[in-house]
Amino acid sequence: MATSGRQKSQDTYEHIDQEEELLGSYLAALQKVKGYKASAIMTFRGEILAGHSADAKIDLRAVGNTFNDIFRNAHEASDKIGLKSCLELVINTPKGIIIMRCSGGDAPVHFHLLVIVSAEGNLALAKMELEKMIAPVLAEIS
Amino acid sequence: MFPGGQSCFVSILMTNSEELRGQMSSLVALSEENLAKLSGLAKEAQNNRNLRFEGKICVAERKSAGELFPTIDATLNGCQTHFELCDAENSGDAFDLLSSDPTIGLVIVDLQLPRLEGFKLLAKLLQDYPQLPVVAVACRDVSSLQRLATSSNIGIITHPLNTCALQDVVTTCLSMNSRTGSEDLAQGLVAALLESEGRTTLMALSSGTQSGSCFIRNGQLIDATCGDKYGAEAMLELLAWRKCEILFTDFSDKRIKRKIDKTVLELIGSAFDKSGTLKAVEPLSQAEWEDSSGNEVKEELESSLSAPHREQVEGKETVRASTDVGFLEDPKNSMEELVMALESYLERFKKINGYKASAIMNFTGEILAQDSIDPNIDLGMVGATFNDIFRTAHEASDKIGLEACREASISTPKGIIIMRCSGVKAKVHYHTIAIFSADGNQALAKMEMEKMIPLVMDELG
């Protein structure tokens, strides 16, 4: 189990690298999606737990927070009109699509996933992969 | 660093001596970037010392925006201030506060207040409260207007708010002993701000027995009338007035062709010589003016804009803004027609399965037409919030090289919110929002939104 490894390496902070590596492995599935540009796993506050970018222009450390803020504002706004907190946000631009997915405000751990694909990228597959990722990532970080 | 070195260094950074700053930076081998950062810190420290304020600050902003309050609180808390914030949601609230509470020492106005409330408040403050420091919070870059604002003795700052910049502008405003010159060019500043914020309105001005109007559409100065003058000549005369009353009317007649090919700022620049005297302007001939417009429109504009309307108010003869005659009926009809046309487009959404609410907004978030069949959804209240989310998404996606976004879909367990933009570079930049239940036909909704764009653009154009 991952927790035993974590206990052993607690003093050396190796577990942080290991955790990032492990979370990073979940992002590997997204990298196979057509048109993939970048992806990240973030806490709901916007801290990046694992990230990957195949596009030099996309620095997730710089823009991840902004998209996270947009998503959190969308959470509040949709809740305000009685539709409950949002689970997914899709932003379409002429050159790409940004998809954000939330584990759910009531989930044991509230985290956000972000994936960016090109405009002609496989949006449906990216959404499916994000959906599949939620349970294992939740298990890993809870 | 030696004792007292920090304050000494700060003092050097605050000096205007480039030589001294250069020597100091080479002495401690500072990079340009770090030097700039330190200069900023020094300036901030200086501001903290200079900013002394005791009293109340009236903040006029949309409740849903709620951005100014915390920023002002954070900015002034570190300074030598003892202040209390009071909020106003519209110009009426602000004036009630001002008339009832003489301890208000500063007014901060959000120009994004709906229905031009921010502009109404600014115009009234410039006219009625010349001694009161005012800070206007604009939405677009207003750097070109800073000089004009300074000459009118008001502070001006843009969204998103930056603590240092806010502190700077508040310090400058409070340091002004009085805004005695504020009535000069006040109408010019208001018109220039309307232009830069991309607004549409008919501004009616009156001063003593004179009256005139200027029409700004989507941030373009279209036409002006003043007595028997029109076009640029009339605008120049309006700009030269002192202490004039300004009224705003919803008016957006797209038939009126542009007859002034300069911006307000350009007109101000070309109109006044170095001594501040108004230069003579070559008047446009009647024939030229008639040529530039259809006769029907010319007659409408002429009859409505140039005729001052006199009425008895409490036994005193006053000249009311010319929008009160003829023009008032036409713009209302025209506005009603526009709203009806836009609402007819929203009708299309109502036929879609799962429909809850929809609205058409301008890009600043002002609702142009709306509809809701869900009592929980009042787009008048939340439309601006979703618009803010969409605009932030515009900026963020542009930042990562994907260009400004065209569409955003927010999925929740109980519904879906779809936002669509006509395009940042389109002839009219507007936003549509539609809300459906979770099982609603979002694909059809997106198709309808796409089809609507050229039609709504024509309507708003």
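The values are calculated or read from the model by the stated rules, or taken from the named source; none is laboratory data. As the structure is a computational prediction, the values presented were derived from the model and not from experiment. Reconstructed Cβ throughout: ideal geometry from the backbone, glycine too, with neighbour counts over all protein chains shown.
Given the criteria surrounded by 16 or more Cβ atoms within 10 Å (Cβ to Cβ), over 24 Å from residue B:372 (Cα atoms) and more than 10 Å from chain B (Cβ to nearest Cβ), does residue A:120 qualify?
Taking the combined requirement at face value, the residue does not satisfy it.
Taking the stretch B:397-432, which residues are aliphatic (A, V, I, L, M) and within 17 Å of residue A:88 (Cα to Cα)?
B:408, B:410, B:416, B:417, B:418, B:419
Do we have residue B:402 as surrounded by 16 or more Cβ atoms within 10 Å (Cβ to Cβ) and away from every other protein chain (no Cβ under 12 Å) here?
For residue B:402, the condition - surrounded by 16 or more Cβ atoms within 10 Å (Cβ to Cβ) and away from every other protein chain (no Cβ under 12 Å) - is not met.
Residue A:63 versus (1) surrounded by 24 or more Cβ atoms within 10 Å (Cβ to Cβ); (2) touching a Lys or Arg at 6+ places or on another chain (Cβ under 9 Å): which is the lone unmet condition?
Unmet for residue A:63, out of (1) surrounded by 24 or more Cβ atoms within 10 Å (Cβ to Cβ); (2) touching a Lys or Arg at 6+ places or on another chain (Cβ under 9 Å): (1).
Kindly evaluate residue B:437 against the criterion of being facing another protein chain (nearest Cβ under 9 Å), of a type in the set (Gly, Ala, Ser) and buried (at least 20 other Cβ atoms within 10 Å of the Cβ).
no
Which ones in the stretch A:78-97 are β-branched (Val, Ile, Thr) and more than 7 Å from chain B (Cβ to nearest Cβ)?
A:97
Within the stretch B:314-329, identify whether any single residue is crowded, with 21+ Cβ neighbours inside 10 Å and modelled with pLDDT of 80 or more, and answer yes or no.
For the stretch B:314-329, residues crowded, with 21+ Cβ neighbours inside 10 Å and modelled with pLDDT of 80 or more: absent.
Of everything in the stretch B:408-428 that's surrounded by 19 or more Cβ atoms within 10 Å (Cβ to Cβ) and within 25 Å of the chain's Cα centre (by Cα), which residue is farthest from the other protein chains (Cβ to nearest Cβ)?
B:422
Which one is farthest from residue A:133 (Cα to Cα) among residues in the stretch A:55-69 that are over 14 Å from the mean Cα position of the chain (by Cα) and either at the interface with chain B (Cβ under 7 Å from one of its Cβ atoms) or of a type outside the set (A, V, I, L, M, F, W, C) (or both)?
This residue is A:57.
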